[in-house]
There are 4 protein chains.
Amino acid sequence: MSAKASPRSAASRRSDSASRLDPDLVDDLVAANRTLARLNVLDAFGHVSVRDPRDPHRYLMSRSIAPESVTAADILLLDLDSQTVDPKDDGKLLYRERFIHGEIYKARPDVNAVVHSHSPTVVPFTVTRAKLRPLLHNAGFLGLGTPLFEIRKAVGDGTDLMILTPNLGKDLAKKLGKDAAVVLMRGHGDSVVGPSLPNAVFRAYYTEVNARQQLAAITIGGPINFMTRAEAITSNEAMLRASARPWALWRKRALAEL
Amino acid sequence: MSAKASPRSAASRRSDSASRLDPDLVDDLVAANRTLARLNVLDAFGHVSVRDPRDPHRYLMSRSIAPESVTAADILLLDLDSQTVDPKDDGKLLYRERFIHGEIYKARPDVNAVVHSHSPTVVPFTVTRAKLRPLLHNAGFLGLGTPLFEIRKAVGDGTDLMILTPNLGKDLAKKLGKDAAVVLMRGHGDSVVGPSLPNAVFRAYYTEVNARQQLAAITIGGPINFMTRAEAITSNEAMLRASARPWALWRKRALAEL
Amino acid sequence: MSAKASPRSAASRRSDSASRLDPDLVDDLVAANRTLARLNVLDAFGHVSVRDPRDPHRYLMSRSIAPESVTAADILLLDLDSQTVDPKDDGKLLYRERFIHGEIYKARPDVNAVVHSHSPTVVPFTVTRAKLRPLLHNAGFLGLGTPLFEIRKAVGDGTDLMILTPNLGKDLAKKLGKDAAVVLMRGHGDSVVGPSLPNAVFRAYYTEVNARQQLAAITIGGPINFMTRAEAITSNEAMLRASARPWALWRKRALAEL
Amino acid sequence: MSAKASPRSAASRRSDSASRLDPDLVDDLVAANRTLARLNVLDAFGHVSVRDPRDPHRYLMSRSIAPESVTAADILLLDLDSQTVDPKDDGKLLYRERFIHGEIYKARPDVNAVVHSHSPTVVPFTVTRAKLRPLLHNAGFLGLGTPLFEIRKAVGDGTDLMILTPNLGKDLAKKLGKDAAVVLMRGHGDSVVGPSLPNAVFRAYYTEVNARQQLAAITIGGPINFMTRAEAITSNEAMLRASARPWALWRKRALAEL
C-alpha cells in the first residue's frame, strides 16, 4: 500500500488486509495489560504481548505507554525482529525492551504470550540467594525452573540492566531455556511465558503471589514444605485448564472499565 | 417436571416447588462470596456454601465462577454427594472441589456453612512448622484446633493438591475432626466452618487477620502471649454472637454494589 | 418528656432541649468514625467518642454499629456511667465496651476524646515483649508511655478479653495512668485518648503507622534510634497543633462521601 | 501594586504580571502533589515544589494544606528565602518546613524540583544502621548517595525533628551535598530532588519502592546483590529520560480526578 522507503525488509511487510488485527485478540491484550496493572504486577512500566495466531512470525503489543492506559488503538503488530509490520505504524514509539518478546518467540515455539514486569515481590528474589520455588498449588509452574539472568555476567558491569538489543534478548531467551515459564532478571523483575495469553497473565500474577507467600514462610522460619517436582508438574497441567476462570472475570472487568 | 434420564438418584430429586430457594438465603450467599473477595480472603478461586435450613441433606453454592462475580442466578442446590438436585441445573459447570463442602456437611451436623479459600497469609502457615494459634480475641475459634491436611500423606506424591473426589473430601473432613473450625490445607489454603453463614464468613476473615498478626509477632520475636484455651473458648462463644455486627455491614455493602 | 420508669437516675436526665446535640460536633464524630475505618485503624469493630463540651459529665458516641456506617442519626449522648441520657434512646443497642470511654473520662479530666480499636499492627505489640516506642516524629506522644493492660492479670484466665463492666473500665483507665495517650490491650488492640477529637484521631492513626515502621525497623535489625524523651515531648506539643491539617482533609472527605 | 508595608524586601517583589504563574506548570505541581498522595508517598503531610523556569530565584509551592487536596488556586510563588512574592499572598498559611526547599534551591543550581515526604518505608531506614542502597534499576539514583541528616547532631536533643528555620534548611542542604538525589531525615522521612518535576516525583516514588524491596531482601537474608556504582550511574541516566512515561500517565490521571 505504501511505496515510501523503509529500513525494514520488504519481506516483513504485507498488505493492510493481512495485517488487520483480530479485534477479540486485541481486546484480550488490552485486558491483559490493564488487569496486571490493577493487580500490581505491572506498574507504569512493563509490557505484555501475544503471538499472532494467524502468523507465528508476528506478535501483538502496545506502543510504548503505561500498561494501565493501553487501549485497542495502541496495539501494534511486530515481526520477530521486533520491528513494526504495518507502514502506518512507522515512527510510533516502541517499547525499548521489546526484544525480550521477539527473541523468546523465536526460541520457544510453544510460547504464545509473554509478560515482562517489575513484579515487586519478585525483585528481592533476584538479588538474594534464596531460590524462588513453588509452595502454592496455583504456582506449580515455578517447578519448571526459575533461572536467574544476571546481566552483569552476560555483558559486564555498567549497564542500566535493561534488555535494549536483540542480542540481550537472545541471551535472556537462552537463560529462560526450553522448559521454564519464568526467567528472573537481576535487579529488574521477570519475564513470564505461557502457551496462551490467559495462562501467561495467570502465571505472572501467581509468580508474584508465590513470592509474597515464600517471603512470609521465610519470616515464619524453619524448613519450607515446597511442592515436589511431581506435584509441580501435575498442578501446572491443572492450572493450564483452570486459568480460564480468573481470566473470564479479569477480562470482563478490565473491558467494562474502558 | 423433567422426564429425561439422569445419573443422579431419583431420591435426590424433588419437584421444582420443593427446590425453590429462599431468596434471603440466596442473597446471604451472594453477599458472603462478594464480601470475602473484597476482603482479599477469596481471590478468583475459592467457594462458599450454606446448608439448606429446610433440608439438612442439601446445601447451596454458586456454579463454578469467580466469587466476586456471583449473583443470585448462579446459586445452585446440591445434595450431600455434591450433585445438583434440580434438573434445570444439569450440565452447569460445578466447582471441582465441591466435595469439601458435601463431605464436611455429612461429618459435622453442627456445621451450617463452609468457606474454602486460598487465604493468602494462611498458606505460609501450611508449609512451615509454626502452628497457627489465636492471639487476637476475634480469632478465639482457632483455639478449637487448626489441624493440617497434608494431601501427600493422604494419597501420596504427585497430586495437584486439590480435593477432586468424594474420598479426598472425606479425608479432609476427618482431619477437620469434631471440634475444629478450621482445617489447613498444605500449599493450598484452608476450609473454615461455622454454625451459621455469618459466623463462617467472620471466621474465614479473622483466620486471615490472625495469621497476619502472628506473622508480625514472629517478626518482633520472643515468646508470643497466645490466648489460653479458656480464653479461646470464651471468646469463641462471644464472637458467635458478635458476628452479627460485621455481617450486617458486609451484607448491606455487598448487595448495594450489585 | 417521658414519664415511663427508667433504671437511670433522674439526675442524669435533662429536657430534650438540653440534650440536643451540637450538629457540628456530631458531624465531627461521624467523620472520625468513617475516617479511622477508611484508614484501616477501625475494622467492623471499635468505637470513637467525644466529651460533650457543654457538660463534661457526658460524652457522645454512636449506637452499636460498624464505624464505617455511622451517620448523624446514630449518635447518642451518654453519662459517665455509660448510660444513655435521652429517654428516646431507651432500648437502643449500645457498644458493650462503652465503659472504656466513660471510665477514662472520669479518671482523666484532660481527655476529651477516646478511640478504641483493634489497630492491626498494634495487636502484635500487645502479645510480645518489645515495647512500642516512638520513632516517627508524628508519634512523639507514644513517649508519654504505652502501658499494657493484661486482662488475665486483672481478672484472671478465661475472659473474652473484652471490657464489659464498669470495673474493667476502671482497671483499664488506671493502667492508662495520668500521662499516657495510649493504653495497649493484650490480644485485643488499644485505646487512644486526646485533648480533642482531631488529636485523638490523629494519635490513633499514627500509633498504627509507628507500629508498622517499628516492625520494619526490627526486620532491618540492629539498635533502633528511637526518639528521646525530650524529642517526644516537643514533638507531641507540635502535633497537638499540627493535627488540624490532616483533620481538615479527613473531615471534608468523610462528610463528602455521606 | 501594593503600597502597604511588608517585612519582605522591595527587591523580592515584582508586578503582578511578572508573578503570574505558568498554568501548565501549576497543573504539573497540582498533579505531582496528588500523584504522590495517591501512591502513598505523601500522607496528609509533606510538600512538593518546582523552581520557576523564568526566574531561578523563585519557586512554586502550595499553601499549607494536605497534598491530596491541592488545586491550582493554592499554588504560591516564593523567593529562595521562602517568603511569598506576591502581595496578594500576604497572610496565607505557608508550610512551616518550606525552608527545606528554598535552601536546597540555593545550594544546588542543578535542582529544579524538591519533594519532602514521610515516605513510610524509608523512615525505618533513617533509624537503623542499614544503608538504603539501590537494588531496583529504576532506583539507580540512590547510588548517588543517601546521606542521613541527624537533627540531634545538628542542633542537639529536644527538637520536634522538623526543619523550621532557614539555618536548619541550610544544614539539611549541606548534608544532601552536591551529588545526592535523596537526603534521609532521621525519624522523619526524606527530601528528594531532581533536575525536573517529573523526575523528582519519579525518584520520590522509587525511593519508597526500593526501600520496600530492600526490606524484603533483608528478610530473605544473605548478601544482597546491590547495583554497582557504574550500574547506578547508567541507570540514573536512563531513568532521567524514562521518567516521562509514568509522568504522562500520572499527570493525566491526577488532573482527570479534579
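The values are calculated or read from the model by the stated rules, or taken from the named source; none is laboratory data. These numbers were taken from a predicted model, which means no experiment stands behind them. Here Cβ is always computed from backbone atoms with ideal geometry, including for glycine, and neighbour counts include all displayed protein chains. Calculation scope for accessible area: heavy atoms of the full protein, side chains included, ligands and nucleic acids excluded. Shrake-Rupley method; radii C 1.70, N 1.55, O 1.52, S 1.80 Å.
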Test D:Ala181 against the criterion of being within 14 Å of chain A (Cβ to nearest Cβ) and either buried (at least 24 other Cβ atoms within 10 Å of the Cβ) or more than 14 Å from D:Gly145 (Cα to Cα) (or both), and give yes or no.
no
Pick out the one residue from C:Leu148, C:Leu93, C:Leu144, C:Leu132 that is among the aliphatic types (A, V, I, L, M) and more than 30 Å from C:Leu78 (Cα to Cα).
C:Leu132
Looking at A:Val201, A:Val209 in this structure, which one is surrounded by 24 or more Cβ atoms within 10 Å (Cβ to Cβ), at pLDDT 95 or above and among the β-branched types (Val, Ile, Thr)?
A:Val201
Run D:Gly91 past the list (1) under 24 Å from C:Arg241 (Cα atoms); (2) of a type outside the set (A, V, I, L, M, F, W, C); (3) open to solvent by 10 Å² or more (accessible area, probe 1.4 Å); (4) within 14 Å of another protein chain (Cβ to nearest Cβ) and report the number of the one that doesn't hold.
(4)
Residues of segment D:233-258 being at the interface with chain A (Cβ under 8 Å from one of its Cβ atoms) and open to solvent by 80 Å² or more (accessible area, probe 1.4 Å), in sequence order, are D:Glu237, D:Lys252
Residues within segment B:164-178 that are more than 13 Å from every other protein chain (Cβ to nearest Cβ) and farther than 19 Å from B:Leu142 by Cβ, tallied:
8
Here are some conditions: (1) within 18 Å of D:Gly46 (Cα to Cα); (2) part of a loop (DSSP other than H, G, I, E, B). D:Gly169 meets all but one. Which one does it not meet?
(2)
So which pairs qualify, if the first residue must be in segment C:217-230 and free of Cβ contacts under 8 Å to residues at least 40 places away in the same chain and open to solvent by 30 Å² or more (accessible area, probe 1.4 Å), the second must be β-branched (Val, Ile, Thr) and in a helix (DSSP H, G or I), the Cβ gap must be under 9 Å, and the two must be at least 6 apart or on different chains?
C:Thr219/A:Thr219; C:Thr219/B:Thr219; C:Thr219/D:Ile218; C:Thr219/D:Thr219
Exactly one condition in (1) in contact (Cβ under 8 Å) with a residue 12 or more places away in the chain; (2) part of a loop (DSSP other than H, G, I, E, B) is false for A:Asp160; which is it?
(1)
With respect to D:Lys174, determine if the residue is of a type outside the set (Val, Ile, Thr), surrounded by fewer than 24 Cβ atoms within 10 Å (Cβ to Cβ) and assigned to a helix (DSSP H, G or I).
yes
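Only residues that are within 15 Å of the chain's Cα centre (by Cα) and over 18 Å from D:Ala31 (Cβ atoms): list them for segment D:45-57, please.
Across segment D:45-57, the qualifying residue is only D:Phe45.
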When segment B:170-206 is checked residue by residue, the ones that are touching a strand residue (DSSP E or B) at 6+ places or on another chain (Cβ under 7 Å) and of a type in the set (Lys, Arg) are B:Lys175, B:Arg186, B:Arg203
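Looking at segment D:114-125, is at least one residue more than 14 Å from every other protein chain (Cβ to nearest Cβ) and in contact (Cβ under 8 Å) with a residue 12 or more places away in the chain?
yes
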I'd like the full set of residues that are open to solvent by less than 10 Å² (accessible area, probe 1.4 Å) and within 8 Å of another protein chain (Cβ to nearest Cβ), limited to segment A:154-163.
A:Leu161
Selected residue [over 24 Å from D:Ala216 (Cβ atoms) and either touching a residue at least 40 places away in the same chain (Cβ under 8 Å) or among the hydroxyl-bearing types (Ser, Thr, Tyr) (or both)] from A:Arg253, A:Arg241, A:Arg212
A:Arg253
Could you please find all residues in segment A:128-162 being of a type in the set (Val, Ile, Thr) and out of contact with any strand residue (DSSP E or B) (no Cβ under 8 Å at 6 or more places or on another chain)?
A:Thr128, A:Val155, A:Thr159
Return the total of residues in segment D:127-153 being away from chain C (no Cβ under 13 Å) and open to solvent by 40 Å² or more (accessible area, probe 1.4 Å).
1
Scan segment C:53-79 residue by residue and report those that are surrounded by fewer than 18 Cβ atoms within 10 Å (Cβ to Cβ), more than 14 Å from chain B (Cβ to nearest Cβ) and either under 20 Å from B:Lys252 (Cα atoms) or touching a Gly at 6+ places or on another chain (Cβ under 7 Å) (or both).
C:Ala72, C:Ala73
It is to be established whether one or more residues within segment D:29-47 are within 14 Å of chain C (Cβ to nearest Cβ), surrounded by 22 or more Cβ atoms within 10 Å (Cβ to Cβ) and modelled with pLDDT under 95.
yes
Condition set among the small types (Gly, Ala, Ser) and over 21 Å from B:Gln213 (Cα atoms), scope segment C:192-225, selection nearest to the other protein chains (Cβ to nearest Cβ): answer is C:Gly222
